[in-house]
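All of the numbers you see were taken from the coordinates with simple rules; none came from a lab. What you see is a predicted model, and the numbers here were worked out from it, not measured in a lab. Ideal geometry is used to build each Cβ from the backbone, glycine not excepted, and the neighbour counts take in all protein chains shown.
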Amino acid sequence: MSKESIGGVGMPDRWERLWAPHRMSYLSGENRPLPGNDIECPFCRIPKLTDAEGLIVARGKTAYVVMNLYPYNAGHVLICANRHVADLTDLNDEERNEILELSAHAMKTIRKVSGADGFNLGMNQGAVSGAGVADHIHQHVVPRWGGDSNFMPLIGQTKVLPQLLAETRAELAAAW
């Protein structure tokens, strides 16, 4: 069998491909403190940046709202405690309350900006639960729309995001 007859192995074929190289960066540990690398906790580093540089949408007293660098959907934000703690039980009442208040405000703002039909909210507590940055608590706020799970993520394992993170951050921050 000649190389030319093997479709999809570096040779043109009839398939169109959408590449999502940012996922490989994430999987390889970029921006994530993992055993064996010397990367500072991204959720401790981000608040030291300007809002635009850090993709911060809003800052509270004990927590802040930031765009997820590896979003599941357009407008996916994280609500992060300012303090470096891993578990919900490590937060004090003021921190827990503000994370919940910022999550609710994020939902209202995302609805206003993009007309989201619903949301997935969640915290992965510990690496075994799927937390990419297990040592710093953060809540995911993922907007959802009717029909947003089409063939792309189901078959192609690819999400199509219609806007750059900096543009989405600017719209959410302006509406906040």
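Structure notes:
- Protection proxy ranking of 78-87, 45-54, by the mean of other Cβ atoms within 10 Å over each peptide's residues and highest first, is 78-87, 45-54.
- The calculated FRET efficiency for Thr50 paired with Val128, based on their beta-carbon distance and R0 = 35 Å, is about 0.50.
- Percent RCO, i.e. relative contact order, over segment 55-176, from Cα pairs under 8 Å lying at least 6 residues apart: 33
- Couplings 3J(HN,Hα) for segment 126-136, derived from phi with the Karplus relation 6.51 cos²θ - 1.76 cosθ + 1.60 (θ = phi - 60°), are x, 4, 5, 8, x, 5, x, 10, 6, 8, 9 Hz, where x marks Gly and Pro.
- 5 angstrom amide H check on Phe119, placed H, neighbours 5+ away: Arg144
- Amide H contacts of Ala86 (H built 1.01 Å from N, in plane; Pro and chain starts excluded): Ile137 sit under 5 Å, all sequence-distant by 5 or more or on other chains.
- Residues in segment 110-125 that a label on Leu100 would reach, taking backbone N under 16 Å of a point 7 Å out along Cα→Cβ: 121-123
- Hz values of 3J(HN,Hα) by residue in segment 165-173 - Karplus curve (6.51, -1.76, 1.60), Gly and Pro given as x: 4, 4, 5, 5, 4, 4, 5, 5, 5
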